[in-house]
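Below: the structure, in structure tokens.
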Amino acid sequence: MKIIFSKYHGAGNDFILIDNRAQIIKLAEEQIENICHRRFGIGADGLMLLESDSETDFRMIYYNSDGKEGSMCGNGGRCIVAFANEIGIKKEHYHFMATDGLHEALLESSQIDLKMTNVENIKRFENDWFLDTGSPHAVEVVKNIEFINVSEEGQQLRQDSRFGENGTNVNFIEINKNQIKIRTYERGVEAETYACGTGAVASAIIANQINPNIEQFTLKALGGTLNVSFDVSNKRYQNIWLKGPAIKVFSGEIII
């Protein structure tokens, strides 16, 4: 089977995008893992199928690079909007379905603004926090973030029993008022990624827990800059927007 694809990245968080509105592409877990492999396939942090949805502009089906269907991916959500525009779903204001429900997005040239789900259940532990922003995230505030061994420390925290059988994504952040440096260990990729959208949202919310007067943050990830804003009322975060680049890298064909 020949599959036509496009590859996009959002601040270095890269994805393979496939138009499956015709419902003819069915990929096994091993096939997805091979396609995402950076030596034996195209190479990406994840793969997405864009499928038809009766009530919205499209449905987003997201798979991690380990081949398993994943929870919500914020940068993936922004990239699939750019891809939708590429394949002829031409709009400025999008609505689409994802695993965590309905999302809306605004197309602004190479930047995509994505509205995320509301957040209200935040757990505080001794050295870290835990919350779900469409995907589960542990957030640890650190100093000298460039010296953190993300692969080692991230993997340990990712599998901590506090976060249940499926574990969690892990973010290390260094806060300076409304500026956040962020590094992320991503489950399903099982490595440090260049950026993480749901992780950026989780980190901005924790930064607000520490500095309650700030509701807009700029996050510097390894692969680029993301922006997060929200409204807070009665410990509930809503009107959450994740903003940043969604860049097409190339298109091609792969034989499966």
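The numbers here are math on the coordinates, done by the rules we state, and not lab data. In this text, all values refer to a predicted model and were calculated from it rather than measured experimentally. Positions of Cβ are generated from backbone atoms using ideal geometry, with glycine treated the same way; all protein chains shown enter the neighbour counts.
Measure out, as a whole number of angstrom, how far apart the alpha-carbon centroids of the range 153-181 and the range 96-144 sit.
Each part reduced to its Cα centre gives a spacing of 13 Å.
In which sequence would Val119, Val249 go, from the one with the fewest C-beta neighbours within 10 Å to the one with the most?
With the fewest neighbours first, Val119, Val249 line up as Val249, Val119.
Treating cross-link reach as a plain straight distance, find the lysines whose alpha-carbon is under 16 Å from the alpha-carbon of Lys123, omitting any fewer than eight places away in the same chain.
Leaving aside lysines fewer than 8 places away in the same chain, those within reach of Lys123 are Lys235.
Is it possible to state the helix-based mean residue ellipticity at 222 nm for the chain, with each DSSP H run of 4+ residues giving -39500 (n - 2.57), the sum divided by total residues, to the nearest 500 deg cm²/dmol? What is it?
Rounded to the nearest 500, the figure is -5000 deg cm²/dmol.
Residues of the range 196-220 with backbone nitrogen within less than 17 Å of a virtual label 7 Å along the Cα-to-Cβ line of Lys177, please, listed as ranges.
Residues passing the 17 Å test: 207-208, 210-220.
Given Cα pairs under 8 Å that are at least 6 residues apart, what percent is the relative contact order of the range 122-243?
It comes to 19 percent, rounded to a whole number.
Note down the relative contact order for the chain as a percent, whole number, built from C-alpha pairs under 8 angstrom at least six residues apart.
Computed over the chain, the figure is 22 percent.
In which sequence would Asp14, Asp100 go, from the one with the fewest C-beta neighbours within 10 Å to the one with the most?
So the residues, fewest neighbours to most, are Asp100, Asp14.
Counting other Cβ atoms within 10 Å, keep those with at most 15, restrict to DSSP loop, and tell me which chymotrypsin sites (Phe, Trp or Tyr not before Pro) in the range 57-138 are left.
In loop regions of the range 57-138 (DSSP not H, G, I, E or B), the sparsely surrounded chymotrypsin sites (Phe, Trp or Tyr not before Pro) are Phe125.
Which helices, counted as full DSSP H runs in the chain, have an axial Cα extent of no less than 15 Å and a Kyte-Doolittle average of -0.5 or above?
74-86, 197-210
How high is the FRET efficiency from Asn234 to Glu104, r the C-beta distance, R0 22 Å, rounded to 0.05?
The calculated FRET efficiency here is 0.40.
Which of the lysines could a cross-linker bridge to Lys68, judged by Cα under 25 Å and excluding same-chain residues fewer than eight apart?
Straight-distance partners of Lys68: Lys2, Lys7, Lys26, Lys115, Lys248.
What list do you get for Ile205, Ile80 if you sort them by fewest beta carbons within 10 Å?
Ile205, Ile80
With the cut-off at 1.5 for a/c, could you classify the range 185-256 from its C-alpha gyration tensor as rounded, prolate or oblate?
prolate
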